[in-house]
Amino acid sequence: MGYKLPNGGTFQHAATYAAALAFTSVSNATEAVATVVDADLVVGDIVLIESGWSTLNGRVVRVKAATAVSITLEDIDTSDTQSFPAGSGGGTLKKIETWVQIPQITDVAFSGGEQQYTDVVFLEDKQGRQVPTDKSAASMVLTIADDPGKPFVKVLEAADAGRKVEAARLNLPGNDTIYYGAYTSFSKQPTVSRGNVLTRTVNLALQAEPTRYLA
């Protein structure tokens, strides 16, 4: 049995990216391999994916192996050809070059991501049943102390204005990191309450499943 506390964790948002690297195809495998040309990625790089496969699109992953012509995406299983139709997964990889920490977080709240169901009942049935369909859209909200002079403010303001999928990560104690691809929104007006710290909110509308690495 294991457990951990989040105390001491940090949250970071991508600040700068390398130019997008196109991949013409990606394999159906227990660890997907993207076919590229003249790549300069190295093992351990973190990349934001755009892909013709909607289940892969918007994910943030780590490079497990790299050559000039192929990139292995760590723990990304694309072997199910129903979810990942062969030959249609091409897209781009954008390496995150620098990150900026979002400090002074007072609360992290998650919502959505729940399994949705449709009710099925036939004429002869005495009891209906539920069949799973999809999962609801997911998001997370960071409540942070208002500090307009910090470096992260300009990064979040640019992400808010850009309306593009951005990379973010939660660094938990024990080399445990969770990566997210999300649209970022940053409140311009701090919450004002007498006797309390001014706060602002960072809203992340998640666009894909998070990716978690334990080392």
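Points worth noting:
- Segment 87-97 - phi-based ³J(HN,Hα) in whole Hz, Karplus 6.51/-1.76/1.60, Gly and Pro as x: x, 10, x, x, x, 9, 10, 10, 6, 7, 8
- Residues whose placed amide H lies under 5 Å from that of I102, excluding near-sequence neighbours: F11, Q12, H13
- 10 Å-binned pair-distance histogram of segment 1-76 (Cα, whole percent): 16, 47, 23, 13, 2
- Out-of-range pairs (alpha-carbon distance over 22 Å; input K95/K164; K95/K135; K4/K164): K95/K135; K4/K164
- Residue order for S187, S51, fewest other beta carbons within 10 angstrom first, comes to S187, S51.
- DSSP loop trypsin sites (Lys or Arg not before Pro) with at most 14 other Cβ within 10 Å: longest gap in the chain: 5-125
- Cα gyration tensor shape for segment 65-215, rounded if a/c is under 1.5, else prolate or oblate: oblate
- Derived scalar couplings between HN and Hα for segment 175-181 equal 6, 10, 10, 10, 9, 10, x Hz in order, rounded to whole Hz, by the Karplus curve 6.51 cos²θ - 1.76 cosθ + 1.60 (θ = phi - 60°), x for Gly and Pro.
- Along the chain, longest interval not containing exposed chymotrypsin sites (Phe, Trp or Tyr not before Pro), exposed being DSSP loop plus at most 11 other Cβ atoms within 10 Å: 4-121
- Sparse packing (at most 11 other Cβ atoms within 10 Å of the Cβ) combined with a DSSP loop state is found for the following GluC sites (Glu not before Pro) in segment 97-189: E114, E124.
- Using θ = phi - 60° in the Karplus curve 6.51 cos²θ - 1.76 cosθ + 1.60, the 3J(HN,Hα) couplings for segment 128-134 round to x, 9, 10, 10, x, 10, 10 Hz; x is entered for Gly and Pro.
- Under 5 Å between amide hydrogens, built in the peptide plane, is the criterion, and for G90 it picks out V26, G52 among residues at least 5 positions away or on other chains.
- MRE, 222 nm, helices only [DSSP H, n ≥ 4, -39500 (n - 2.57), over the chain, to nearest 500]: -1500 deg cm²/dmol
None of the figures in this text is laboratory data; all of them are computed from the coordinates on show. Keep in mind that what you see is a predicted model, and the values were worked out from it rather than measured. Reconstructed Cβ throughout: ideal geometry from the backbone, glycine too, with neighbour counts over all protein chains shown.
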